[in-house]
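Just below is one structure, and these are the notes that go with it.
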Amino acid sequence: MIRIAFVINYITNNGPSNVVLDIIRNLDREQYNISLITLFEGNDDQIVADLQENGVKVFLCKTLSRGKCLLGKDREFQEIVQREGLDIIHSHGFIPDILCSRIKTSVRKVTTLHNNMFEDYVQTYGKVKAKIFIKMHIDALKKMDCRVGCSKSVYQVMRKYLKNVIFIRNGIKPKIAKHTVTRKELDIPEDAVVFVFSGGLSFGKNVQFLTQNFVQYHNKDEYLLLLGDGPEREACEQMVDDHVKLLGFQDDPAAYYNISNIYASASRSEGFSISVLEALSCGLGLFLSDIPSHREVIDMGKGLYLGEIFSINDNGEKFKDKIKVFRETIAHINKDDIKVFQRKKLSDVSMATSYEILYRNLLKKER
């Protein structure tokens with residue numbers, strides 16, 4: 001029995017958490033003894049309960065903070081690792097990687113890199129802090145046995161700085177709506193073309209750009225749903241017209257995908273967006289910013305028309321041009337073919353299988 005623990009800040013309904021949950025869900029319980037270590041407050045109690053009911057041992061650290069962890073005051077975490085006698089520990093995120101890099105046992109250490117830190121940290125922390133955190137993170141990653149990019153684009157960046165980097169693309173279980181939403185409820189005509197975005201209303205997600213340009217260039221039969229909350233909500237509220245629906249955080253985005261045609265994102269940086277994968281699983285076409293991970297998804301289509309890419313490095317002129325192109329090509333979007341594409345190329349099963357092969361190969365290697 002292989003004893004494996006996953007380490008994450010907290011477990012909830014977000015991108016990295018869903019990757020962890022999908023790996024756990026697909027591991028063979030006769031071969032793996034699975035634990036989850038969460039470091040901070042913020043866990044979804046229902047997710048924790050479901051994991052425990054399904055035989056996963058969950059450790060909820062009570063004494064840690066981000067500041068303490070950076071300063072090496074992580075005794076509670078280290079004691080858990082020592083006590084459990086793990087074979088593999090798989091970390092997800094900056095602080096989890098820092099803590100796992102300090103482990104002194106013979107446990108094999110794997111990490112998944114969920115973003116391009118050289119972009120994401122600058123956007124999140126500013127240039128000065130980002131420079132410090134990037135150095136800390138790179139130093140920690142050098143002490144891991146294997147570093148896994150969540151996309152080919154993340155791998156291509158990180159291989160310039162680290163050895164023993166591979167990539168396993170994020171994959172998901174097809175998203176099934178828990179309830180039904182109708183266009184009539186949202187005052188949207190049945191024959192309209194509906195764009196949808198799901199995520200934080202933040203600088204990194206670039207929602208002001210998306211909102212402002214959609215308002216400026218949409219046709220009378222086009223609508224945009226914004227699912228999410230965050231620091232830029234108030235700014236977006238000042239921009240919207242009656243063709244943009246600010247709906248706040250929704251715990252069942254698939255219900256809204258099911259009444260939409262196109263998933264739209266103007267993100268400045270992504271590792272490999274789970275929201276994009278969820279939208280594909282619901283058969284949506286894509287209208288995405290021109291960043292490496294978005295291009296990667298579109299390029300994976302190989303003859304299947306998935307959508308369009310637009311530049312965010314101008315005043316919206318490329319957005320204007322591309323949405324015009326999209327109006328002419330939208331008829332080529334086939335929902336059924338897109339769903340099949342997601343199931344074949346970007347599934348949770350294929351992702352978990354790739355990780356399981358990685359785990360077994362790591363255990364075969366001699367120190």
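The values are calculated or read from the model by the stated rules, or taken from the named source; none is laboratory data. All values derive from a computational prediction rather than experimental measurement. Neighbour counts run over all protein chains shown; Cβ positions are idealised from the backbone, glycine included. All accessible areas refer to the heavy atoms of the entire protein, side chains included, with ligands and DNA or RNA removed. Shrake-Rupley method; radii C 1.70, N 1.55, O 1.52, S 1.80 Å.
Numerical summary
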read-out	value
Accessible-area ranking of E356, E185, E53, largest first, probe 1.4 Å	E53, E185, E356
Those residues of the range 1-28 whose amide nitrogen sits under 11 Å from the label point placed on F40, 7 Å along Cα→Cβ	9-10
Within the chain, helix-based [θ] at 222 nm, where runs of 4 or more DSSP H residues each add -39,500 (n - 2.57), nearest 500	-12500 deg cm²/dmol
Separation of the D139 and V240 label points, Cα + 7 Å toward Cβ, nm	4.5 nm
Under 5 Å, built H, 5+ apart or other chain: amide partners of L36	F6, K57, V58, F59
Pairs from K143/K318; K152/K245; K62/K245; K62/K129; K335/K364; K62/K152 whose Cα-Cα separation, in the structure shown, is over 31 Å	K143/K318; K152/K245; K62/K245; K335/K364; K62/K152
Nitroxide proxy distance, nm - points 7 Å out along Cα→Cβ at I80 and L162	2.1 nm
Simple spin-label estimate for V340 and R3 in nanometres, 7 Å along Cα-Cβ	4.7 nm
Angle in degrees between helix 75-84 and the longest Cα principal axis of the chain, rounded to the nearest 10	70 degrees
Sparsely packed trypsin sites (Lys or Arg not before Pro) within the range 217-247, loop by DSSP, other Cβ within 10 Å at most 13	K220
Trypsin sites (Lys or Arg not before Pro) lying in DSSP loop within the range 111-165, provided at most 11 other Cβ fall within 10 Å	K160, K163
Global form of the range 29-73, assessed from the alpha-carbon gyration tensor, a/c cut-off 1.5	oblate
Net lengthening on full extension, A331/R183 (0.36 nm per residue, minus Cα-Cα)	51.2 nm
